[in-house]
Amino acid sequence: MRKKTILNVLIILLILFTKTLDVSAGEYKLSVFNFVTMDLESSGLGTSVANSLISSLKTDASISILDRKDLETFLNLNDLQQNDQLENVVNIGSRLGLDYIVVGSVAKRGSSITVKCSLIQIDKKKEAYRTSVRAFGEAALTSEITKLGSSLIAVLTKNDPSKTGGVASDTEAKAALTTPPSFQKFPGNKKIILRWQSVPGSAASGYEVYRALNANGPFAMLGQTDRTEYQDQNVESRIDYYYRVRSYDKANRFSEFTPVLSARTDYAPNPPIILKTEGRSKSLLIVWVPSPMKSDDPSRLAGYKVYRSEEEYGSYQEVNKLSLSEVAGNDEGKISYRATALPDGQTYFYRVSSFNEKGVESELCNPIKGTTLPKIASVHVTNHLIREVMLNWTGVQSPFAVAYNIYRSLKKEDGFVRITKMKATEDARCGYSDLQDLLDYTKYYYFITIEDDLGVETSPSPVAEAVTRDIPPQPQNFAVLSGLVKKVELTWDAAKQEEVLGYNLYWSLNKDGQYQLLKKISGRENNRYTDESRGFEPLEDGRTYYYMLTAYNKVDAQSKQATAVATTKAKPKRPENVQGKYESGKVILSWLPSHETDISHYVVYEKTFTGMGKIAQVQKAEYSDPSVNPGKSKIYAVTAVNRSGLESEFSMEINVFVK
């Protein structure tokens, strides 16, 4: 059986491998992973975005896309998962023989949907291209994904070496390096600051900065840098300078130059000073104060610009421009800005500049680091508890994390409802015991979010699943001892499971009738019970009783019933054919001897005005009564008594006349 399973796996892998290689020369072998959803609102969009993007990419014949089902089969067989971690993506792509894998994320806030996308080049083990799109509403999302697919096609076909037989010309070598985008100037006091964005997905290892005194040149190189900012401090006032920048790689190949920008020095305000950042759920608060240093700039301050980068010395992009009327200040002169809709646990570096009424901008202040609250990385559950699920996780130590929200569902994908809100503490080790209306032997799904002091929650933790314990085991070898006098003895095997706290014993006079609780027996080691009465009345003779026995646990959940039936010992049958006659001055009684083997004796009764009175006890089925008065009649009855002391009903009465 094991060999057959291994053979099946090898066959499936061979099919997958064949499919990935079954493309014509020059085609790109590519796969699209499900996009990661960043919040609750975007739940379900990850798969639909991936499917829409696949449809868009299929319009280009040079791109061969691995079938989604084949991808999922391969991942399941190899215990791999779709995510955007570079090492994982490269591993999967290498094993499948792919050239590229597309990964990304989807975030939704209100009607705004943001899709981030990366093209991972497998052989280079790096990101070849990165971009993002935004749509307002799901109806507009399809159009934006189509545009995204076109962008990816353009990137792939532009960098296709097969179009030149595998050898790039000088022109193509330049085209392989993208011109630095977003080239900007920032005139300052006795300096001119140049900034641009890093070249996405290229092999650029640095940048060259050129300057001229005329728009048409000649240009001379000012210097080289591996950063996306350059300060030209060798300048004079009231002179126009012209700048351009290009990128280069390790092979000393160059991109095209940026468009030429002209700039001259000008008075600029001093940069502000960032005091702190405060990381919360999906947001970062940046707090700064104006520079206390006096500026040579005679113009009035007009506002601030906020820049952000994922690396401290990386490429900073402007994320907001704030006029003085838009910034929130306080009595201490501190100014704050909140960046929202950020990913969980994301670290950013921020820099802020000042600009005056003429639009002249200061230098950027020193960078400061900020990290949003992370989502809970994982939730550990304790399974098979009695109507209880214990959850444990590692919390966050942040003064802005005020609560943990715990959600539960009977489904893995949806239907989650918050069951509790726990106050966050400084203890990193957190736990919760769910006891709310849980059922026996039922699977539950959980995730946890962190809530900040603004009431905003992080994205959900990975879903954890737990199964509650089944009902206690059914009692074994439940047996009864019948034929006892006015009682029934019941026995069973004592349960070995510690969860069993005792037993519930039920009874009924009918097999299919309503059973009533006879006794709640505490202690799993107790394994016998004698049933002798119903209230103050003993059990009836010759009566059949039906029993059910269950085991119970600490929440009184009961096992399946064990059943048994017993009958108490019956009374002897009454004597039959009692005869009587008067002879020789006495009454002689006789009757048929009982066929029952345990009859001990017979009792003879005479009827008086007060009822039947016992007059004799005999061993044989006959009796002579000498105490008679002539001219009178006597009424007699006889009973049988067995060795257990049970006495039968009265026989038929017999009336004997004494002459």
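The values are calculated or read from the model by the stated rules, or taken from the named source; none is laboratory data. These numbers were taken from a predicted model, which means no experiment stands behind them. All Cβ positions, glycine included, derive from the backbone under ideal geometry; neighbour counts span all protein chains shown.
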**Message:** For the range 607-659, which positions are touching a Pro at 6+ places or on another chain (Cβ under 6 Å) and under 19 Å from P593 (Cα atoms)?
**Reply:** A621, V638, A640, N642, S648, S651
**Request:** For residues that are of a type in the set (V, I, T) and in contact with a Lys or Arg (Cβ under 7 Å, 6 or more places away or on another chain), tally how many sit in the range 474-511.
**Result:** 3
**Message:** What's the number of the only condition in (1) of a type outside the set (F, W, Y); (2) closer than 15 Å to S31 by Cβ; (3) buried (at least 16 other Cβ atoms within 10 Å of the Cβ) that S105 fails to meet?
**Reply:** (2)
**Message:** P462 - would you say it is in a loop (DSSP other than H, G, I, E, B) and surrounded by fewer than 19 Cβ atoms within 10 Å (Cβ to Cβ)?
**Reply:** yes
**Prompt:** Just checking, which of S315, S325 is assigned to a loop (DSSP other than H, G, I, E, B) and more than 30 Å from V115 (Cβ to Cβ)?
**Reply:** S325
**Request:** Name the one entry in N527, N629 that is modelled with pLDDT of 95 or more and on the phi < 0 side of the Ramachandran plot.
**Result:** N527
**Yes/no for Y350 being surrounded by fewer than 16 Cβ atoms within 10 Å (Cβ to Cβ), closer than 30 Å to D266 by Cβ, in contact (Cβ under 8 Å) with a residue 60 or more places away in the chain and of a type in the set (F, W, Y)** = no
**Item:** Considering residues of the range 261-276 that are surrounded by 15 or more Cβ atoms within 10 Å (Cβ to Cβ) and in a strand (DSSP E or B) only, the residue nearest to the chain's Cα centre (by Cα)
**Value:** I274
**Request:** Filter the range 178-203 down to residues that are surrounded by 19 or more Cβ atoms within 10 Å (Cβ to Cβ) and over 18 Å from S309 (Cα atoms), then give me how many there are.
**Result:** 6
**Prompt:** For residues in the range 299-320 being surrounded by 14 or more Cβ atoms within 10 Å (Cβ to Cβ) and of a type in the set (K, R), which is farthest from P269 (Cα to Cα)?
**Reply:** R308
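Here is a yes/no grid of residues against (1) touching a His at 6+ places or on another chain (Cβ under 8 Å); (2) surrounded by fewer than 18 Cβ atoms within 10 Å (Cβ to Cβ); (3) farther than 22 Å from Y445 by Cα:
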position	(1), (2), (3)
A339	no, no, yes
P374	no, no, no
I386	no, yes, no
A403	no, yes, no
K421	no, yes, no
